[in-house]
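Report on the structure given below.
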Amino acid sequence: MYADIIVDIMTDQLDKPFQYKVPSEMESDIGVGVLVTAPFGAGNRLITGYVIELHEEPRYDPNKTKCLTDIVHSKVKIVERMIKLAAWLKNNYGSTMNQALRTVIPVKDKIKAKEKKSVRLVADEETVEDYLTQLGAKKNAVARVRLLEALKEEPIIEYEIIKTKLNIGDSAVKTLEKAGLVEIVAESLYRNPVDEQVGEEKRVMLNEQQRKAVDTFVKDYSEGIRKTYLLHGITGSGKTVCYMDMIEHVINEGRQVIVLIPEIALTFQTVQRFYRRFGDRVSIMNSRMSKGERYDQFLRAMRGEISIMIGPRSALFTPFADIGLIVIDEEHENAYKSETAPRYHARETAVYIAKECNASVVLGSATPSMEAYYRAMEGEYQLFELNDRATGGKLATVHTVDLRQELKDGNRSMFSRKLQELIEDRLAKNEQIMLFLNKRGYAGFVSCRSCGHVMKCPHCDISLTEHRNGKLICHYCGYEQAKVTECPECGSKYISGFKAGTQQVEEAIARRYPGARVLRMDMDTTSTKDGHEKILAAFANHEADILVGTQMIVKGHDFPEVTLVGVLAADMSLHVGDYRAAEKTFQLLVQAAGRAGRGSRAGEVVIQTFSPDNYSVEAAGRQDYKGFYEEEIAYRSLMGYPPVRNMLKVSFTSKNVEKLEKACEEVKIKMQTCMKKGIICVGPVPAGIYKINDEYTQVMHIKAADYEELKVCKDFLENDVRADGVFDDIYLNYDFN
């Protein structure tokens, strides 16, 4: 047996593993993540390293391969667990070990500790007086005299005060230090990214459904039963209160908790609530923090100084010693899927980590992902339902407006007549409004403004994407057709792509409602470190009447004064070239509707759409998750899409287009020879954007009932196919489901 080891995971030299022979007496104890000692270099000095892979066959000359000397039975299991996790990510999602290690070790750079320096008087009173007498009236001794006089009054003074308030420089302090009269005391400080919160989180009485969920979790946990639970609660049903009661039970047993939230924008309100409940045992981790702040939270977690880590996807890799619970709020969000290799999903990864750590997982959402709800229906997850709002209020009233009719009646503005009427009403009542533009995910679909017809692929039931060359292309099977100038359904000339932006919405409001105070929240206005918090705090303090924004404004925020939500263009996510388009649209519309009427006053929602008869829009108008799920799962079953079947997307990328096309032809032949019955392979076909930065990409989709069969296909492509010289200089990328 042969082991690949890395020497130091906290450096960037992760792509340089060294192979060693495993002595036969160590084979039963060796494994991925195990700490070992081995001879290194010409002098054979002993070093420690971690096993990242094991092989039956050597990659180098066995006669020149050195042997491992020992297994180090370390008390610190965190690093071993992280390396084992990296190996799982590599195997399960497809990537290099290097990419997987960089993923699970989000903080690699050691940052110098932040210090608080003070100067302390160490000499006795008589020595100080003698020294002052010796100084006498020397001109160059004024600073030293002033410092000693101050230290006689206050024996320890912060260095910053000495420099700024007393105007005394470093040289005077160092001279007194050399003379043995003072010493400089340095105290390491953590950079705390959490602002100190005032007050306590008010305890609330749980209703019957909340109490059942919490009591079941606590009973299971106390009995040593570890499960994955799905908390399906309507917007405003009090899922966070349930999380906090569950978390309290876990940390009272001395274990740690990771709480995942999908957006940095949600950190603000979530952390406030958790900090008021659990105090400074809570910390956060996200990409907007400085390197120093991230490093300090990493250390605090490793040292057991915090019990709860809150953050987006990367917080999943917090190096806690004893993880007892992982909570994933708004589990349906696409932000939980990594966009870079390894393309892991936080949900599946959390379930794996929990299994390794003897922990539980709680997933929560008003609009669960098809995958999570499907598994709950199959009995893999335990389902809890919260059907009532915690405050006793009702769900908002939803008005669905047909934009085709608005156009026929001569209204060409961004705002339907119903929305205009309700905006005027809310401004008069001094109530708040949120206007949501479903911008992200726009991919150039083409629709008719007169009848609502959308150009779709005849083979995949996916919207065709409009390209600059005038062609309409399916990004699943490669079907293409010429651009249309007339609607094939009704003959109207009003058929084209849909384009709009939050800035245009903001300008339109200013023209129509000049007295309204408007805030805009999108990627442009939140690019600074505290951008999200400033905008959300201003809106919460009623410093604006209308908040205009993209998806980030409709996810999990709680503003009691908001009584009207307007969805300006529901179709922008409904007709992207993605089999999940209906699911994403339903989720967004229901989440948007959930922002209205969360206080004492009733809320209203206006959904503007060219497709009012689409089942996802209709179900969102009723806020009917089960009705939507039944229709969507029937469609997924018919088309063989996840979660009913599993799907692997393989991307082939190269700078040499001729080589790429030749390799893709070779892939078709090789895949046909190894395909098992029931496995479907489509492509390779040109990617949605064929050329980026002088690199060309083709994609292939493989469907199978069993996820393991797709992993076999991935391994076949990675090992057998890549061994063919035609694949030199071609980069393969894998994306499951």
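The values are calculated or read from the model by the stated rules, or taken from the named source; none is laboratory data. All values derive from a computational prediction rather than experimental measurement. All Cβ positions, even for glycine, are placed from backbone atoms using ideal geometry, and neighbour counts span all protein chains on display.
Here are a few things to note about the model shown:
- Extreme residue, surrounded by the fewest Cβ atoms within 10 Å (Cβ to Cβ), among residues of the range 691-708 that are without any contact (Cβ under 8 Å) to a residue 60 or more places away in the chain and among the charged types (D, E, K, R): 694
- Elements of type strands (runs of 3 or more DSSP E) in the range 345-445, at least 1 residues being touching a Cys at 6+ places or on another chain (Cβ under 9 Å) and at pLDDT below 95: 382-386
- Restricting attention to the range 153-175, the residues that are part of a loop (DSSP other than H, G, I, E, B) and either at pLDDT below 85 or within 14 Å of residue 143 (Cβ to Cβ) (or both) add up to 5.
- Tally of residues being surrounded by 16 or more Cβ atoms within 10 Å (Cβ to Cβ) and part of a helix (DSSP H, G or I) across the range 118-130: 1
- Tally of residues being farther than 20 Å from residue 131 by Cα, exposed (fewer than 12 other Cβ atoms within 10 Å of the Cβ) and either of a type outside the set (Lys, Arg) or touching a helix residue (DSSP H, G or I) at 6+ places or on another chain (Cβ under 6 Å) (or both) across the range 154-185: 3
- Candidates in the range 301-344 are the residues that are among the small types (Gly, Ala, Ser), under 28 Å from residue 648 (Cβ atoms) and in contact with a Phe, Trp or Tyr (Cβ under 9 Å, 6 or more places away or on another chain); of these, the one that is surrounded by the fewest Cβ atoms within 10 Å (Cβ to Cβ) is 338.
- Residue list for the range 515-525, restricted to those being surrounded by fewer than 18 Cβ atoms within 10 Å (Cβ to Cβ) and either aliphatic (A, V, I, L, M) or closer than 11 Å to residue 427 by Cβ (or both): 515, 516, 517, 518, 523
- Number of the condition not met by residue 680 [criteria: (1) exposed (fewer than 15 other Cβ atoms within 10 Å of the Cβ); (2) among the β-branched types (Val, Ile, Thr); (3) farther than 15 Å from residue 709 by Cα]: (3)
- Residue 358 meets each of the listed conditions (1) buried (at least 20 other Cβ atoms within 10 Å of the Cβ); (2) touching a Lys or Arg at 6+ places or on another chain (Cβ under 7 Å) apart from (1).
- Failed condition for residue 466, given (1) acidic (Asp, Glu); (2) at pLDDT 80 or above; (3) surrounded by 14 or more Cβ atoms within 10 Å (Cβ to Cβ): (2)
- Only one of 280, 296 that is of a type outside the set (A, V, I, L, M), surrounded by 23 or more Cβ atoms within 10 Å (Cβ to Cβ), not in a loop (DSSP other than H, G, I, E, B) and not assigned by TED's automatic domain parsing to the domain that holds residue 536: 296
- Odd one out for residue 115, checked against (1) at pLDDT below 85; (2) outside any strand (DSSP E or B); (3) under 49 Å from the mean Cα position of the chain (by Cα): (2)
- Extreme residue, nearest to residue 184 (Cα to Cα), among residues of the range 131-153 that are surrounded by fewer than 11 Cβ atoms within 10 Å (Cβ to Cβ) and either not aliphatic (A, V, I, L, M) or not assigned by TED's automatic domain parsing to the domain that holds residue 181 (or both): 153
- Scan of the range 473-496 for residues that are within 13 Å of residue 456 (Cα to Cα) and not in a strand (DSSP E or B), ordered by number: 474, 475, 476, 477, 478, 479, 483, 484, 487, 488, 489
- Given (1) of a type outside the set (A, V, I, L, M, F, W, C); (2) modelled with pLDDT of 85 or more; (3) assigned to a loop (DSSP other than H, G, I, E, B), number of the condition residue 566 does not satisfy: (3)
- Residue 730 vs. criteria crowded, with 19+ Cβ neighbours inside 10 Å and touching a residue at least 24 places away in the same chain (Cβ under 8 Å): yes
- Failed item in (1) at pLDDT 75 or above; (2) crowded, with 18+ Cβ neighbours inside 10 Å; (3) of a type in the set (Gly, Ala, Ser), with residue 556 passing the rest: (1)
- Check on residue 712, in a helix (DSSP H, G or I) and closer than 14 Å to residue 731 by Cα: no
- Apart from one condition, residue 587 fits all of (1) closer than 22 Å to residue 464 by Cβ; (2) surrounded by 23 or more Cβ atoms within 10 Å (Cβ to Cβ); (3) among the polar types (S, T, N, Q); the exception is (1).
- Residue list for the range 34-59, restricted to those being outside any strand (DSSP E or B) and either in contact with a strand residue (DSSP E or B) (Cβ under 6 Å, 6 or more places away or on another chain) or among the basic types (Lys, Arg) (or both): 34, 58, 59
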